[in-house]
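> The structure's right below; bear with me while I get my questions together.
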Amino acid sequence: QVQLVESGGGLVQAGGSLRLSCAASGRTFSSYGMGWFRQAPEKEREFVAAISRNGGGTRYAYSVKGRFTISRDNTKNTLYLQMNSLKPEDTAVYYCAGHSKAYNIVDRGGMYDYWGQGTQVTVSS
């Protein structure tokens with residue numbers, strides 16, 4: 001099964017930046033649409049951002065639009081999430097996910113096939 005491993009989480013002050021990475025196993029990374037989700041304590045998992053297979057299409061949750069940027073490097077089998085202007089409300093465990101559905105963009109978690117273990121992002125005020 002495809003393995004996804006997130007990294008780059010940590011503690012940052014409000015207004016700061018972090019860059020999350022998601023390393024994928026295998027040689028077929030480009031065949032998967034990818035996304036980022038997050039889950040805060042006592043909250044349901046929510047959609048953050050998604051990107052198409054070739055990186056040409058993206059979609060963001062309203063709460064992060066203009067602050068976060070999703071990207072991918074298919075030559076490195078890696079997905080990224082650049083997070084700028086971080087707020088305490090962004091504190092959560094962040095998960096990367098992949099899907100093989102015949103859609104350019106997927107923003108529903110139930111449609112994703114593969115998930116990473118998550119990385120903690122904590123934003124202090």
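> May I ask you to verify whether Gln117 is surrounded by fewer than 20 Cβ atoms within 10 Å (Cβ to Cβ), at negative phi, touching an Asp or Glu at 6+ places or on another chain (Cβ under 9 Å) and modelled with pLDDT of 95 or more? Even if it seems obvious, please write down each step before you answer.
Numbers: surrounded by fewer than 20 Cβ atoms within 10 Å (Cβ to Cβ): yes; at negative phi: yes; touching an Asp or Glu at 6+ places or on another chain (Cβ under 9 Å): yes; modelled with pLDDT of 95 or more: yes.
Spelling it out, Gln117 is indeed surrounded by fewer than 20 Cβ atoms within 10 Å (Cβ to Cβ), at negative phi, touching an Asp or Glu at 6+ places or on another chain (Cβ under 9 Å) and modelled with pLDDT of 95 or more.
> Further, regarding this structure: Check Trp36 against each of (1) in contact with a helix residue (DSSP H, G or I) (Cβ under 7 Å, 6 or more places away or on another chain); (2) open to solvent by less than 60 Å² (accessible area, probe 1.4 Å) and name the one condition it does not meet.
(1) is the only condition that Trp36 fails.
> Oh, and also: Test Ile105 against the stated conditions and say whether it is open to solvent by 30 Å² or more (accessible area, probe 1.4 Å) and either among the basic types (Lys, Arg) or not in a helix (DSSP H, G or I) (or both).
Working: open to solvent by 30 Å² or more (accessible area, probe 1.4 Å): yes; either among the basic types (Lys, Arg) or not in a helix (DSSP H, G or I) (or both): yes.
When the stated conditions are applied, Ile105 passes them.
> Every residue in the stretch 42-52 that is in contact (Cβ under 8 Å) with a residue 12 or more places away in the chain, of a type outside the set (Val, Ile, Thr) and either open to solvent by 70 Å² or more (accessible area, probe 1.4 Å) or in contact with a Ser or Thr (Cβ under 6 Å, 6 or more places away or on another chain) (or both), please. Steps first, answer last, please.
Applying the first criterion (in contact (Cβ under 8 Å) with a residue 12 or more places away in the chain) to the stretch 42-52 yields 43, 45-52.
Checking which are of a type outside the set (Val, Ile, Thr) leaves us with 43, 45-47, 49-50, 52.
Lys43, Arg45, Glu46 - these are the residues of the stretch 42-52 that are in contact (Cβ under 8 Å) with a residue 12 or more places away in the chain, of a type outside the set (Val, Ile, Thr) and either open to solvent by 70 Å² or more (accessible area, probe 1.4 Å) or in contact with a Ser or Thr (Cβ under 6 Å, 6 or more places away or on another chain) (or both).
> Step by step: first the residues of the stretch 81-98, then only those that are outside any strand (DSSP E or B) and in contact (Cβ under 8 Å) with a residue 60 or more places away in the chain, then the one that is surrounded by the fewest Cβ atoms within 10 Å (Cβ to Cβ). Which residue is that?
Of all residues in the stretch 81-98, those outside any strand (DSSP E or B) come to 84-91.
Next cut, in contact (Cβ under 8 Å) with a residue 60 or more places away in the chain only: 84-88.
Values: Asn84: 14, Ser85: 13, Leu86: 22, Lys87: 14, Pro88: 11.
Filtering first and then ranking leaves Pro88.
> Checking the structure you have, find out if any residue of the stretch 81-103 is more than 21 Å from Val2 (Cα to Cα) and at pLDDT below 95.
The initial filter retains those residues of the stretch 81-103 that are more than 21 Å from Val2 (Cα to Cα), namely 82-92.
If we keep only those that are at pLDDT below 95 too, we end up with none.
So far as the stretch 81-103 goes, no, none of its residues is more than 21 Å from Val2 (Cα to Cα) and at pLDDT below 95.
> Oh, and also: How many of the residues in the stretch 56-76 are over 20 Å from Val12 (Cβ atoms) and either open to solvent by 30 Å² or more (accessible area, probe 1.4 Å) or touching a residue at least 60 places away in the same chain (Cβ under 8 Å) (or both)?
Step one: filter the stretch 56-76 for residues over 20 Å from Val12 (Cβ atoms), giving 56-59, 62, 72-76.
Retained after the next criterion (residues that are either open to solvent by 30 Å² or more (accessible area, probe 1.4 Å) or touching a residue at least 60 places away in the same chain (Cβ under 8 Å) (or both)): 56, 58-59, 62, 72-76.
Residues meeting the conditions: 9.
The values are calculated or read from the model by the stated rules, or taken from the named source; none is laboratory data. As the structure is a prediction and not an experimental result, all values here were calculated from the model. Using ideal geometry, Cβ is built from the backbone for each residue, glycine included, and neighbour counts are taken over all protein chains shown. Accessible surface is based on the protein model in full, side chains and every heavy atom, while ligands, DNA and RNA are left aside. Shrake-Rupley method; radii C 1.70, N 1.55, O 1.52, S 1.80 Å.
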